[in-house]
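Reading through the structure tokens given below for one structure.
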Amino acid sequence: MQQHFSLAECDVVGFDLDHTLCRYQLPQSARLIYDSFAQYLVTEKGYDEDLLTLAPDSLDFCCKGLVLDIEEGNFLKLAEDGTVLRASHGTKSMTVEEILEIYGRKEWKHFNTVSGMVSRTAKYYLYDNYFDLPGALLCARVVDSLDQHDGQKKYDFWKDMVAAIQHNYKISAFKEDCGMYFPEVKNHPDKYLQRCPESVKKWLKQLKSAGKILLLITSSHSDYCRLLCEHVLGNDFEEYFDILITNALKPGFFSHTPNQRPFRTLENDEEQEALLSLDKPGWYSQGNAIQLYDLLKKMTGKLDPKVVYFGDSMHSDIFPAHHYSNWETVFILEELLGDKGIVPAKAESEPLEKKGKYEGDQLKVPYFVSKQWGSFFMDRLPGLENAEETLVHTWSCKCISTYSTIAIPSLEAIADLPLDYRFTRFSSNSSATAGYYPSPPRALLPNEDSVMMK
């Protein structure tokens, strides 16, 4: 594997939409998602009305990479070897003693399946993107509420939570103005969406001028996709892309075969009959990576066109594109912006401030670095008082260096670079920080542990 990665060497550049091309105002969208799920649980399923009120700092609970142990009502932060670093029962942090008593120093029992990115199970749920995260806080508060009223030992709320998610995000919800989420984003797009910076639009055009094929592959339905794209890119958004695929149902888009998940055409946002093959560029629904790749071979005239895919979800974008399709992957990790939140003032002159692009970003976002959960990248092993402290990588951090080519805080971070800029890949050496651009998270740099976890 060569040491460097360059966009100039790629024939095809693909993008996820939500939290990749379209960035959200995170505090506002988190609150909306929380409210939309909570409203459903209270009005439709009879849960405690207290769930509807939210203390101002409670979103601090939301941290990517948490796993909910559904039956126990416990949230876990895992080390790269699958041991439990931190845990909470409901919203309440568990002590080191409680963690060691319940989970010991051994691999968590479901680590094998969770690390194989298996997502559908009644035993646990993995929180790995900003659409999911507010649901973690809600589930934690549901556990608190059930403990208070019923003193439950095993929990059975998950089916209701799934119903709340389906009610708000189902395909027809946008059209029917159903649920709370879509009607609210439709009516107040500026409150929830950040417009795409001019530098990124210029960069997309530059990629196209350089002869790259541009793809948009999103699990969002076509009507919501259109609303987002018109708002963040402009009414001419379709001109940026050669192929648009909505309702892609990732990660299945990458893992399923053509007969399991054929492409469909769209008419007025309604899916039409299944296609036997994909013959020309255009806008499609559902589909699979195999037939898409066949079309890309035709379009490029190459037997083995090189594809890079940008996405923000390890589970839906990065892992499957890498594992099933062997594409290059660029992980959009907004946590790299918030990383400065745990740094003493004297270290402010970091290259992250390139052109002042990130100034103010971390102030607007309340939960890049969760006080309750600590660094997304590193943590201390839970040890007894006098034991020597050991710092370890989190499982989330390990996934980044295993499945991504590089990781960046946003598209804007690379939009001003020449297309032949050579990024150092993650796999290029033994360093755990090689693939982060513009700079690695502080937590991974030596001698930072004194400022990192507090």
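Ignoring aspartates and glutamates fewer than eight residues from LYS298 along the same chain, the ones with Cα atoms less than 16 angstrom from its Cα are ASP11, ASP242, ASP279. The calculated FRET efficiency for LYS280 paired with ASN429, based on their beta-carbon distance and R0 = 41 Å, is about 0.45. Taking all protein chains as shown and a probe of 1.4 angstrom, THR91 keeps an accessible surface of around 50 Å².
For the chain, the Kirkwood hydrodynamic radius comes to 22.9 Å, computed from all pairs of different C-alpha atoms. Take LYS398: with every protein chain present and a 1.4 Å probe, its accessible area is about 90 Å². Taking each residue as 0.36 nm, the span from THR402 to ASP147 lengthens on full extension beyond its C-alpha to C-alpha distance by 87.9 nm. Can you tell me what percent of all Cα-Cα pairs in region 26-188 are more than 22 Å apart? So the pairs more than 22 Å apart make up 43 percent of the total in region 26-188. I want to verify the translational diffusion coefficient of region 132-256 in µm²/s; compute it with Stokes-Einstein, Rh as the Kirkwood radius over Cα pairs, at 25 °C and 0.890 mPa s. Rounded, D is 141 µm²/s.
Highest mean packing comes first when the peptides 311-317, 419-425 are listed by Cβ atoms within 10 Å, giving 311-317, 419-425.
Over the chain, with every protein chain in place, what whole percent of the accessible area is carbon and sulfur at 1.4 Å, could you tell me? Using a 1.4 Å probe with all protein chains present, the chain comes out at 49 percent carbon and sulfur.
Using the Cβ-Cβ distance between LEU417 and LYS208 with R0 = 25 Å, the FRET efficiency computed as 1/(1 + (r/R0)^6) comes to roughly 0.90.
Note on ASN259 and LYS302: the extension gain reaches 13.0 nm, defined as 0.36 nm multiplied by sequence separation minus the Cα-Cα distance. For region 263-287 and region 62-124, write down the distance between their C-alpha centroids in whole Å. Value for the Cα centre distance between the two parts: 40 Å. Only the Cβ atoms of Lys and Arg (+1) and of Asp and Glu (-1) were treated as charged; on that basis the dipole of the chain about its Cα centre amounts to roughly 1000 debye.
Restricting to the chain, compute how many DSSP beta bridges are antiparallel as a %, nearest 5. About 55 percent, rounded to the nearest 5.
The count of lysine pairs in region 26-188 with alpha-carbon distances below 17 Å, taking only pairs 8 or more places apart or on different chains, stands at 16.
With protein chains left intact and a 1.4 Å probe, residues in region 209-295 average 40 Å² of accessible area per residue.
The values are calculated or read from the model by the stated rules, or taken from the named source; none is laboratory data. Since the structure is predicted, the reported quantities are computational estimates derived from the model, not experimental observations. With ideal geometry, Cβ positions are generated from the backbone for all residues, glycine too; neighbour counts draw on all protein chains shown. In case anyone asks, the SASA skips ligands and DNA or RNA and just uses the protein heavy atoms, side chains included. Shrake-Rupley method; radii C 1.70, N 1.55, O 1.52, S 1.80 Å.
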